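Below is one structure, written out as structure tokens; the observations come after it.
Read-outs throughout are calculated quantities, based only on the coordinates presented, and are distinct from any laboratory measurement. None of the values given here were measured: they were computed from a predicted structure. Here the Cβ positions follow ideal geometry from the backbone for every residue, glycine too, while neighbour counts run over all protein chains shown.
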Amino acid sequence: MLLYFKVADRFNIIDKPNQRSSHTEITLRGGGIIFWFSGLLYFAQHIQNNYFFFIGITLVSLVSFWDDIKNLSNKIRITIHFLSITLIFYDLDLFTLVPVWGIAIAYFFAVGLINAYNFMDGINGITGLYTLVVMGSLLYVNTKIQLFTDNSFIKYAMVASLVFLFFNYRKKAKCFAGDVGSIAIAFWIIYLVLKLILITNSVIWLLFLAIYGVDAICTIAHRLYLKQNIFQAHRLHLYQILSNECKIEHRLVSLFYAISQLIASIIIIFLYQKVQDVILFAIVILPLLLVYTLKFYLLNKSSLSNNG
């Protein structure tokens, strides 16, 4: 990370705030490249069985890092995302284990998660803390419930998150993850969650991403209702309302999101195989939808305050 800071400073790889940003100062961008380096370290020690994953994470990291430096067209980025996802689908033998309609849903889920993780990376600490919770939940399942991967494969991502948080989880962050960070770690999570789903034959593990999922999907629906371009930057996520309109310190909002997901993950693990999947989805998702509606109250209150 310290070496990357020198490179970023030398080549002026910075994030300049605009009217839609949740930060106000120029900050080094692309610090999330630590996730790719962590993947590289793991791959160097396990080259015999992880090359499809590593090629995939390298492709998405490369195109995302380039996009951080110089904006790329959506067509190029989406093409690389589909190619990289295809590589891990092939690695997981998804094309033979799942029917065509299931493959289509898996592509939709994977691309959606990549973009959701990127959308949610907007304030100090949110990506690092949330990733720690998700990876920690997967590590617990791998250790106590169902072995589905090498423990160290999960731990490498967690260590990378801790390193990133050391520089990012501050009142004045030394760096931001950038697209390279949020998209690379989202790709890593996709691989692990899909692998767990295939082994357990249960989609309940998608709920390890429930907080991000509800915020991202509901915000997209809200923006479509407002007839906005969903591919343009905005400030309508709940975490953005809490940070920008309510003026809650960024690190507290990030901690709130991480703790909320931790509580959801504990419920999922405790109730796994004790209740039907559809009931467990309802137990987790319905309260989150209720919490999300708080956004509209806050927006209305902010609007009245500004008008006054």
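Compute the distance from the alpha-carbon center of the stretch 40-89 to that of the stretch 117-196, in whole Å. The distance from the Cα centre of the stretch 40-89 to that of the stretch 117-196 comes to 16 Å. Just tell me which lysines come within less than 23 Å, Cα to Cα, of K6; anything on the same chain fewer than 8 places away is out. Result set, ordered by chain and number: K16, K70, K171, K172, K174. Against the compact-protein benchmark of 2.2 N^0.38 Å, the Cα-based radius of gyration of the stretch 55-140 scales to 1.22.
Just the ratio, please: alpha-carbon radius of gyration of the stretch 117-159 over 2.2 N^0.38 Å, N its number of residues. Before the final figure, lay out each step's value.
Working: Rg = 11.8 Å, N = 43, 2.2 N^0.38 = 9.2 Å.
Rg over 2.2 N^0.38 Å, computed on Cα atoms: 1.29.
Exposure proxy for T200, T143: other Cβ atoms within 10 Å of each Cβ, ordered fewest to most, give T143, T200.
Over the Cα atoms of the chain, the radius of gyration divided by the Kirkwood radius equals 0.95; this is the Rg/Rh ratio.
Rounded to the nearest 20 debye, the dipole magnitude of the stretch 220-308 is 220 debye, with +1 charges on Lys and Arg beta carbons, -1 on Asp and Glu beta carbons, and the Cα centre as origin. For the chain, the mean residue ellipticity at 222 nm estimated from helices alone is -22500 deg cm²/dmol, where every DSSP H run of n ≥ 4 contributes -39500 (n - 2.57) and the total is divided by all residues, rounded to the nearest 500.
By average Cβ neighbour count within 10 Å, what is the ranking of 210-219, 250-259, 230-239, 275-284 from highest down?
Working: 210-219: 21.2, 250-259: 19.1, 230-239: 16.2, 275-284: 14.5.
Highest-to-lowest ranking by the protection proxy: 210-219, 250-259, 230-239, 275-284.
Taking a ≥ b ≥ c as the square roots of the eigenvalues of the Cα gyration tensor, the stretch 1-157 is prolate, since a/c reaches 1.5 or more and a/b is larger than b/c.
Counting only lysines at least 8 places from K301 when in the same chain, those with an alpha carbon closer than 25 Å to its own are K227, K247. Farthest toward the positive end of the dipole of the chain, out of Y169, I217, L280, is the Cα of Y169, where the dipole comes from beta carbon charges about the Cα centre. Computed about its Cα centre, the charge dipole of the stretch 111-248 is approximately 340 debye, with only Lys, Arg, Asp and Glu carrying charge at their Cβ.
Per the Kirkwood treatment, what hydrodynamic radius in Å, one decimal, follows for the stretch 221-303 from the mean inverse distance over all distinct Cα pairs?
Values: mean 1/r = 0.0678 Å⁻¹.
Result for the stretch 221-303 stands at 14.8 Å.
Contact order for the stretch 195-308, expressed relative to its length and based on alpha carbon pairs under 8 Å spaced 6+ residues apart, stands at 37 percent.
Select from the chain the helices, each a whole stretch of DSSP H, whose alpha-carbon atoms run 30 Å or more along the helix axis and whose Kyte-Doolittle mean is at least 1.6; answer none if there are none.
Numbers: long enough: 178-200 (33 Å, 1.96); 250-271 (32 Å, 1.85).
Helices passing the filter in the chain: 178-200, 250-271.
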